[in-house]
Ligand code: OGA
Ligand code: NI
């Protein structure tokens, strides 16, 4: 027996014992990747290692030729303030094009005070800096819990873990959920609620623009009561905030911060710090989205793909990790109220464009992700009609 083996049950020894992962126990995985980073592992435990074909540098085969470069991508940039001025029609066209071609765009000049944004990133890093016992108060195996702290996606079911810890918060109705949010750091509720309110307002403005860009609603259109009803519904819609923490990873080529997935809501507003990591699938390649300070990455979710009857695309994206820096992102997922049905807009269905999706609701989505690993676009695939 080697001297190291003789002491292998002590936490102290585990720090230096990095030549295999037998010393990283199940209970240590369950504490999350920040914990693994802190105990100083120098190799990724087997539990996190993806099969070759799913690793970050796996070559993506295009139809006719191979291309293994992963270029950076400048997403279409939308000047939000221009939406409110005389160039609205032009901006709506740019939004439509971005949603059709990339499923993603970036917005700048959005009007959210910089302080609200920097406070959100700051209080998030202070949350993840709390002792594990404090964060663990919010752990739950219930995927539907209004507040859920955890690691990977579903740490009770995932076969391969991903390299992220997270805090998920439901944001509506505020008066019901706020008392359930973390009470530490002491300013968490105040700062996170201010951020949630601002992003929700921005979402509502964006949704008007999206509906107008699809031709189903517009300030200048002849509107029926039904047309206005959809906007009213969004005002009372659902909002889920996910704060993601990706600590440095000793072998970032073997694992992912988040595997390829699409977001299930209508739109996601993503705030990322200055560390890159987000990649989207574009023309059969993974391309990295360059962070722009104080901007939001906006992406089409499954519900908008369904609502637009397939015109706007909910695109696969994933997150790379790196060995040098931790990264924080805050994703705000917005959609209709939790109990409403999402259906293709009747205005976007006709003979030439038959209905392409079944109706869907949150309940069935939540059932779905509780029962299996949310890999790729499986859920949306289950809503497609074959015609
Ligand atoms: C998400 C997501 C990307 C990121 O939370 O759904 O895709 O950069 N996040 O963290
Ligand atoms: Ni996502």
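The values are calculated or read from the model by the stated rules, or taken from the named source; none is laboratory data. Everything quoted here is computed from the prediction, not taken from an experiment. Don't worry about glycine lacking a Cβ; one is built from the backbone with ideal geometry, like all the others, and counts go over all protein chains shown.
Every condition in (1) at pLDDT 95 or above; (2) surrounded by fewer than 18 Cβ atoms within 10 Å (Cβ to Cβ) holds for residue 359 except the one numbered (1). Would you mind stating whether residue 85 is out of contact with any helix residue (DSSP H, G or I) (no Cβ under 7 Å at 6 or more places or on another chain) and on the phi < 0 side of the Ramachandran plot? Considered against the rule, which asks whether it is out of contact with any helix residue (DSSP H, G or I) (no Cβ under 7 Å at 6 or more places or on another chain) and on the phi < 0 side of the Ramachandran plot, residue 85 comes out as yes. Across segment 122-136, the number of residues qualifying as surrounded by 17 or more Cβ atoms within 10 Å (Cβ to Cβ) and either under 27 Å from residue 338 (Cα atoms) or at pLDDT below 95 (or both) comes to 2. For segment 141-194, the set of residues classified as touching a strand residue (DSSP E or B) at 6+ places or on another chain (Cβ under 6 Å) and part of a helix (DSSP H, G or I) consists of 177, 180, listed by residue number. Checking each residue in segment 272-301 for being assigned to a strand (DSSP E or B), within 16 Å of ligand 2 (Cβ to nearest atom) and more than 30 Å from residue 362 (Cβ to Cβ) picks out 287, 288.
Of the conditions (1) more than 11 Å from ligand 2 (Cβ to nearest atom); (2) in contact with a strand residue (DSSP E or B) (Cβ under 7 Å, 6 or more places away or on another chain), residue 244 satisfies every one except a single condition; which number is it? Status for residue 244: all satisfied but (1).
Mind listing whichever residues of segment 163-180 are more than 18 Å from residue 144 (Cβ to Cβ) and at pLDDT below 95? 174, 175, listed by residue number.
Residues that are more than 18 Å from the chain's Cα centre (by Cα), more than 16 Å from ligand 2 (Cβ to nearest atom), surrounded by fewer than 23 Cβ atoms within 10 Å (Cβ to Cβ) and modelled with pLDDT of 95 or more do occur in segment 253-271.
Pairs meeting the criteria (first residue in segment 266-282 and more than 13 Å from residue 300 (Cα to Cα), second residue away from ligand 1 (no atom under 12 Å from the Cβ) and outside any strand (DSSP E or B), beta carbons under 6 Å, at least 6 apart or on different chains) are 273/121; 275/325. From the list 306, 280, 292, the one residue that fits, being surrounded by fewer than 17 Cβ atoms within 10 Å (Cβ to Cβ) and either over 15 Å from the mean Cα position of the chain (by Cα) or within 12 Å of ligand 1 (Cβ to nearest atom) (or both), is 292.
One residue alone among 347, 351 is out of contact with any helix residue (DSSP H, G or I) (no Cβ under 8 Å at 6 or more places or on another chain) and farther than 30 Å from residue 111 by Cβ, and that residue is 351. Among the residues of segment 85-111, write down those that are in contact (Cβ under 8 Å) with a residue 12 or more places away in the chain, assigned to a loop (DSSP other than H, G, I, E, B) and more than 20 Å from the chain's Cα centre (by Cα). Answer for segment 85-111, where residues must be in contact (Cβ under 8 Å) with a residue 12 or more places away in the chain, assigned to a loop (DSSP other than H, G, I, E, B) and more than 20 Å from the chain's Cα centre (by Cα): 109, 111. Per this entry, residue 181 is not counted among residues that are touching a residue at least 40 places away in the same chain (Cβ under 8 Å) and either within 19 Å of the chain's Cα centre (by Cα) or crowded, with 19+ Cβ neighbours inside 10 Å (or both).
Number of residues in segment 321-330 that are crowded, with 23+ Cβ neighbours inside 10 Å and near ligand 1 (Cβ under 9 Å from one of its atoms): the value is 3. Whether any residue in segment 201-212 is within 16 Å of ligand 1 (Cβ to nearest atom) and part of a helix (DSSP H, G or I) is what I want to check. Yes: segment 201-212 contains one or more residues that are within 16 Å of ligand 1 (Cβ to nearest atom) and part of a helix (DSSP H, G or I). Looking only at segment 137-163, residues that are buried (at least 21 other Cβ atoms within 10 Å of the Cβ) and within 21 Å of residue 119 (Cα to Cα) come to 1 in all.
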